[in-house]
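What follows is a short report on a single structure.
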Amino acid sequence: MPLQRNLFHEVGRIITVKGKISNFGYLIKKDKIYFTVLLYDVETNNKKIDHLWLIANDTFIDQNPGRGDSLLIETTIHPYRNRKRNKNFGATRFKLIKIIEKKNGFSIKDYIKKQKQMLEKKT
């Protein structure tokens, strides 16, 4: 059973989460691009979760965290279906409290710039 199931009782609640950035991604919904962040080694309320996806907001992007950075955030947990249509739990309406440890890895602004260039080439 995936460790995200540990979040079942947290749906709709605001919780504090600690995790490290593993990677970035994006979603396109109704012709709008949403940039995403994958956290790993996630801990909340003494529960371990293997990963958690976030949709990056402007405040998060402005602070420009990168791969390997450790973060402390407040968020609301919600259910969703991934691309394979499997049920999972993610985070929404989150607030970055602080970057606990900065690794100076490939940053979200670097990722956004690269993806926008690639998307422009496709059109």
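The values are calculated or read from the model by the stated rules, or taken from the named source; none is laboratory data. Every value quoted in this text rests on a predicted model; they were computed, and no experiment measured them. Quick reminder, even Gly has a Cβ in these numbers, built from the backbone with ideal geometry, and neighbours come from all protein chains shown.
Of note, Glu74 satisfies the criterion of being closer than 13 Å to Gly19 by Cβ and surrounded by 12 or more Cβ atoms within 10 Å (Cβ to Cβ).
Any residue at all in the stretch 97-118 that is hydroxyl-bearing (Ser, Thr, Tyr) and surrounded by fewer than 14 Cβ atoms within 10 Å (Cβ to Cβ)? Spell out how you get there, then give the answer.
First, pick out the residues of the stretch 97-118 that are hydroxyl-bearing (Ser, Thr, Tyr): 107, 111.
Retained after the next criterion (residues that are surrounded by fewer than 14 Cβ atoms within 10 Å (Cβ to Cβ)): none.
The answer is no, given that none of the residues of the stretch 97-118 is hydroxyl-bearing (Ser, Thr, Tyr) and surrounded by fewer than 14 Cβ atoms within 10 Å (Cβ to Cβ).
If you go through the stretch 42-62, how many residues are more than 22 Å from Pro79 (Cβ to Cβ) and of a type in the set (Asp, Glu)? Here the count works out to 2. Quick check on the stretch 28-44. Is at least one of its residues among the acidic types (Asp, Glu) and closer than 18 Å to Asn6 by Cβ? Looking for residues that are among the acidic types (Asp, Glu) and closer than 18 Å to Asn6 by Cβ, one finds at least one in the stretch 28-44, hence yes.
Pick from Lys84, Lys122, Lys103, Lys95: which is out of contact with any Gly (no Cβ under 6 Å at 6 or more places or on another chain) and over 19 Å from Leu52 (Cα atoms)? Don't jump to the end; show me each part of the working.
Values: Lys84 fails: over 19 Å from Leu52 (Cα atoms); Lys103 fails: out of contact with any Gly (no Cβ under 6 Å at 6 or more places or on another chain); Lys95 fails: over 19 Å from Leu52 (Cα atoms).
It is Lys122.
Considering Tyr34, Tyr26, which residue is more than 21 Å from Glu101 (Cβ to Cβ) and surrounded by 14 or more Cβ atoms within 10 Å (Cβ to Cβ)?
Testing whether each residue is more than 21 Å from Glu101 (Cβ to Cβ) and surrounded by 14 or more Cβ atoms within 10 Å (Cβ to Cβ) leaves just Tyr26.
Of all the criteria given as (1) out of contact with any Pro (no Cβ under 8 Å at 6 or more places or on another chain); (2) at pLDDT 90 or above, the one not satisfied by Lys47 is (2).
Residues in the stretch 16-32 that are at pLDDT below 90 and closer than 23 Å to Asp62 by Cβ: Leu27, Ile28, Lys29. For the stretch 96-109, the count of residues that are of a type outside the set (Val, Ile, Thr) and within 12 Å of the chain's Cα centre (by Cα) is at least one.
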